[in-house]
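Every read-out reported here was derived from the displayed coordinates using simple, explicitly stated rules and does not represent laboratory data. Given the structure is predicted, the values throughout are model-derived calculations rather than measurements. All Cβ positions, even for glycine, are placed from backbone atoms using ideal geometry, and neighbour counts span all protein chains on display.
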Amino acid sequence: MTSPYPFAAIFGVLIVALTFAAALIWVERRLLAVWQDRYGPNRTGPFGLLQVLADMIKIFTKEDWIPPFADKPVFVIAPAVIMITVLLSFAVVPFAPGIIVTNINNVALLFFLGMSSLGVYSIVLAGWSSGNKYSLLGGLRASAQMISYEVFMGMSLMGVVLLSGSFDLTTIVEAQRHLWFFVPQFLGFVLFLIAGVAESRRLPFDLPEAEAELVAGFHSEYSGMKFGMFFVGEYLGVLLISSMITVLFLGGWMGPVLPPILWFLIKMFALVCFFILLRATLPRPRFDQLMTWGWKLMLPLALANLLVTGAVVLAFR
Amino acid sequence: MSGPMEAAFYVAAAVAVVSTLLAISRLVAVHALLYLIVSFLSVAVVFYTMGAPLVATLEVIIYAGAILVLFLFVVMMLNLGTRDRDQERQWFSGAAWLGPAILSAILLAEVIYLIVSGATTGGLSATVGPKEVALALYGPYMIGVELASMLLLGAVVGATHLSKQEARP
């Protein structure tokens, strides 16, 4: 099922995703402030809503500096990679019946996994090309972390694929008409959520840019809009993971009374708020703890989930 | 293949050839790896245009997304500098080209001969989705899957053994 107006769908999704990502900057700052018992940005415009605009003007007019010791072409490409891969992933998200750019021959879920694994390059190359030891350490951490967490990210989704019998996201949503996969695949849901936080490098998994140890990690040397791209890319990543969880585990656009697209946005926004709550509450683990956790706890759990789901599906066929 | 698909095929194939050549000839290891990634991505597009979307996405996930990240990881650890670049330049000149060039020329001649003689098998006529691939893998090619899994198990055991040895005094 591909939209009858491809260009309208493409531009619609692009504009909405970018606007939401920018608005998220304000949402995150206000919510963090609420949870930390302060006001947050409340001076520019009503409720501080124009803060995003002010930030944007600031970031666009800042000096765009490339360090002389950097590898220039790679340094310039790196921030673009994260934007491109995340925005491309939005092409396969079914927001509502008919509101989807493409289902890419029924391999949409794999396409999402592929794009998220390509997103690693942005961080790794940024770290390497900066020619700075803190950036390099951030890049090394990012590659190790994202590869490890990608493995069980894919595994945790296979339960959903088994239950719905398809890689096509629209079919997966349709399969949840009677029961959201959140219930039969609760373990898969939790694993995917954790992997999603790690993939979008949000706290508590923001070790590639751990500012207490690595200055700012992989983007230490970035300024102006190049830094802005990493910044917006991170928020786009949060939006993407939230919409994927909505599609895969929370029934997508399904819901009573309200129009489908509104249900999708409500579920997505609730997940985004949960992401921000995680940032407000959890401390950052040590890097070896992160890796041990990923390989020795999450991966076996994902495998066990896959095994049990497979057995159950086979038994009740 | 329909019109736009055919155009996409030729463009992607051209990008694959050019990026592979650049991957061989770059002196900075990371730049060479970047061209190799582009090469894999264009091969994925080639697969997609030929009606194999599953193979295309697996190419992106496994080769471009996972294996080359590990390559990049190692190259980053090596901390290569200008000295290595000069060394690369030395290795590139002269007789080192001869052997690979002759062998590649033989292959190229073979491909051209096949195209000219018209003995090509042609592209896939229908799209082969995930279900068809799975049915083939766990049907007639079951033994191949099992052998591959045994090989991987061996590799895992070997890797565990190597990492254990390091821990001993």
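Data overview
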quantity: Estimated dipole of the protein assembly as shown in Debye, rounded to 20 [Cβ of Lys and Arg +1, of Asp and Glu -1, Cα centre]; calculated: 820 debye
quantity: Rounded to 10°, Cα long-axis angle of helix A:224-249 versus longest principal axis of chain A; calculated: 10 degrees
quantity: Helix axis angle, A:260-281 relative to chain A longest principal axis, alpha carbon, degrees; calculated: 50 degrees
quantity: Region A:122-199 versus region A:240-261: alpha-carbon centroid distance in Å; calculated: 18 Å
quantity: Residue (of A:A216, A:F189, A:L136) at the positive-pole extreme of region A:136-237, dipole from beta-carbon charges; calculated: A:F189
quantity: B:S163-B:H31 FRET efficiency (beta carbon distance; Förster radius 25 Å; 0.05 resolution); calculated: 0.20
quantity: Most mobile listed residue (A:L49, A:L157, A:L137) in chain A, GNM with C-alpha springs under 10 Å; calculated: A:L49
quantity: Exposure proxy ranking, count of Cβ atoms within 10 Å, fewest first, for B:W91, A:W263; calculated: B:W91, A:W263
quantity: Volume per residue that the Cα convex hull of region A:6-315 spans, once the total is divided by residue count, Å³; calculated: 139 Å³
quantity: Nearest-20 debye value, region A:124-233 charge dipole, Cβ charges on Lys, Arg, Asp, Glu; calculated: 20 debye
quantity: Inter-probe distance in nm under a simple model that places probes 7 Å from Cα toward Cβ, at B:M5 and A:M225; calculated: 3.8 nm
quantity: Calculated log₁₀ intensity ratio I(q)/I(0) where the Debye formula runs over C-alpha points of region B:3-137, q = 0.13, 0.14 Å⁻¹; calculated: -0.76, -0.86
quantity: Neighbour-count order for A:R43, A:R29, B:R85, fewest beta carbons within 10 angstrom listed first; calculated: A:R43, B:R85, A:R29
quantity: Two-decimal Rg/Rh across region A:1-101, once Rg and the Kirkwood Rh are taken from alpha-carbon atoms; calculated: 1.08
quantity: Top positive-direction residue, dipole computed over chain A with Cβ charges, set A:I172, A:F47, A:G252; calculated: A:F47
quantity: Förster radius 41 Å - calculated FRET efficiency between A:W295 and A:R43, Cβ distance, rounded to 0.05; calculated: 0.30
quantity: With Cα atoms, 0 to 90° folded angle of helix A:108-129 axis to chain A main axis; calculated: 20 degrees
quantity: Once the Cα gyration tensor of region B:20-71 is diagonalised, semi-axes √(5λ) in Å; calculated: 22, 13, 5
quantity: Per-residue Cβ neighbour rank within 10 angstrom, fewest leading, A:R279, A:R286; calculated: A:R286, A:R279
quantity: Chain B, dipole about Cα centre (Lys/Arg Cβ +1, Asp/Glu Cβ -1), debye to the nearest 20; calculated: 380 debye
